[in-house]
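The structure appears right after this line, and notes come after that.
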Amino acid sequence: MKMKESISSRLDVVLLSADEQQRRLDRVYAGMAAANISTALVRDNANLYYLTGRVFRGYIYLEAGHAPLYFVRQPTTLHGGDSLHHIRKPEDIAGILVEQGRLTAEASSAHAVPAIELDALSYSDAVRLARVFGSDAPAANLSPILRAARSVKTDEELQALRESGMRQTNVYRRIPRMYREGMSDIELQIEIEYHSRLEGCLGQFRIAGADMELFMGNVLTGENADTPSPYDFAMGGAGIDPSLPVGADGTIIKPGLPVMVDVNGNYTGYMTDMTRCYYITSLESKASEALELSRRICRELAAMMIPGTPAKDLYDRARAIAEEEGMEDYFMGHRSHAGFVGHGVGIEINELPVIAPRSRDVLRAGNVIALEPKFVIPGIGAVGIENTYIVRPEAPGECITLAPEEAVCLN
């Protein structure tokens, strides 16, 4: 098992190099300037990690032209020189800013409210932070600015994603040897999870939004693949309990039916996303045709990954190919259809850009995109692949999930 360097003895609040942190801050500050935002307060764990390289309980105060200030509640062992302040509650922040000369006493009671992540915080937390700065209502929403900044990865982030892709590939290559005769889908998923953890998978499936949740991944076989779920994932499944109605449901893996594996790729704090199909004995011919169609769509869309390309153009092409081959009824679902064919990945599994018919996103060099053209065939199951690609200055996108794309027989 390959482990990351322990952080137990690394007590700096910022674990990024100064240059790397500045690259990320510059993107956030540019977004703030475009939105006419002068100050901001960061609280969401994904964004704390993006800007410091660690998660802590607290806040980052941002103001263009000034070094960030860190207000930490836990852990109390962190240090960061004059920029770090240990606090007991958010109400301590305004007084410290006044002491630091970053806020006047008059301004602290005159609605000098920093932008906050309204997409990530609860209403009560947002109101409480606003009141710290003398307002009864939150100010500007920082969430879209941070999502846009995170959508274009730095070289260091890309390296972390390549590392996750390599380790995820190592696990997927071992999947055929994990199967035992008579296994159910959930039993196979548990084996995959076990080997993933030994490879160094962090286990966490970080997802933006309150309506999405999943444990480690999704393994589907047979009719269960056609069971709609309440979540905005490409595939559904009933799950094994109504409290988490998605994914494997205990279906026994049978000859001829595809086994679709889409399991956690978080090995570095940055997630890759990969789906592959497996079978025992044989695979239904219609499933084989749909799998090859999925591979073709991935190739064509990867060739379209040029900076400046509207994200919706990729979706439109994928849909057109499915229609040309008479597979539109099964494209991205059957009883329930997903409204996208790809999405950005990184610290969270559902980042920008979104590859959807009404997406306003435009591809940029440094975007990292998971393409997942999948099909659900009634009576057979789910078929398709998913790859993670880096958008480069020139096409095609660089694929960083390199397990064999063809269906593989389970031993």
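Each value in this text was obtained by applying a stated rule to the coordinates, not by laboratory testing. Everything numeric in this text was worked out from a predicted model, so none of it was measured. With ideal geometry, Cβ positions are generated from the backbone for all residues, glycine too; neighbour counts draw on all protein chains shown.
What net charge is computed for the residues neighbouring residue 348, neighbours being all others with C-beta under 12 Å from the C-beta of residue 348, Lys and Arg scored +1, Asp and Glu -1?
-1
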Using 7 Å Cα-to-Cβ label points, what is the residue 362/residue 118 separation (nm, one decimal)?
2.6 nm
Largest fluctuation, 369, 253, 96 only, Gaussian network model of the chain with Cα springs under 10 angstrom, belongs to 96
Between residue 18 and residue 159, what is the label-to-label distance in nm when each label sits 7 Å out along the Cα-to-Cβ direction?
1.9 nm
Name the long-range amide H neighbours of residue 350: under 5 Å, sequence gap of 5 or more, or other chain; modelled H, no Pro or chain starts.
208
Sorted peptide list for 339-347, 219-227, criterion being average Cβ within 10 angstrom, highest first:
219-227, 339-347
Cα-based reach from residue 254 at 20 Å (exclusive), listing aspartates and glutamates while leaving out same-chain residues under 8 positions away
181, 185, 187, 191, 223, 226, 262, 284, 289, 406
Sequence-separation-based contact order of the chain, relative, with Cα cut under 8 Å and 6+ spacing, percent:
15 percent
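Would you mind classifying segment 208-335 by shape? Square roots of the alpha carbon gyration tensor eigenvalues, ordered a ≥ b ≥ c; an a/c under 1.5 is rounded, otherwise it is prolate if a/b is larger than b/c and oblate if not.
On the way: a/c = 1.69, a/b = 1.17, b/c = 1.45.
Oblate is the answer for segment 208-335, as a/c is 1.5 or above yet b/c matches or exceeds a/b.
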Here segment 208-213 yields Karplus 3J(HN,Hα) values (6.51, -1.76, 1.60; θ = phi - 60°; whole Hz; Gly and Pro given as x) of 7, x, 7, 9, 10, 7
Label-zone membership for segment 359-403, site residue 303, 7 angstrom Cα→C-beta point, backbone N under 11 Å:
396
Can you list residues from other chains, or at least 5 along the same chain, whose modelled amide H is less than 5 Å from the amide H of residue 184?
253
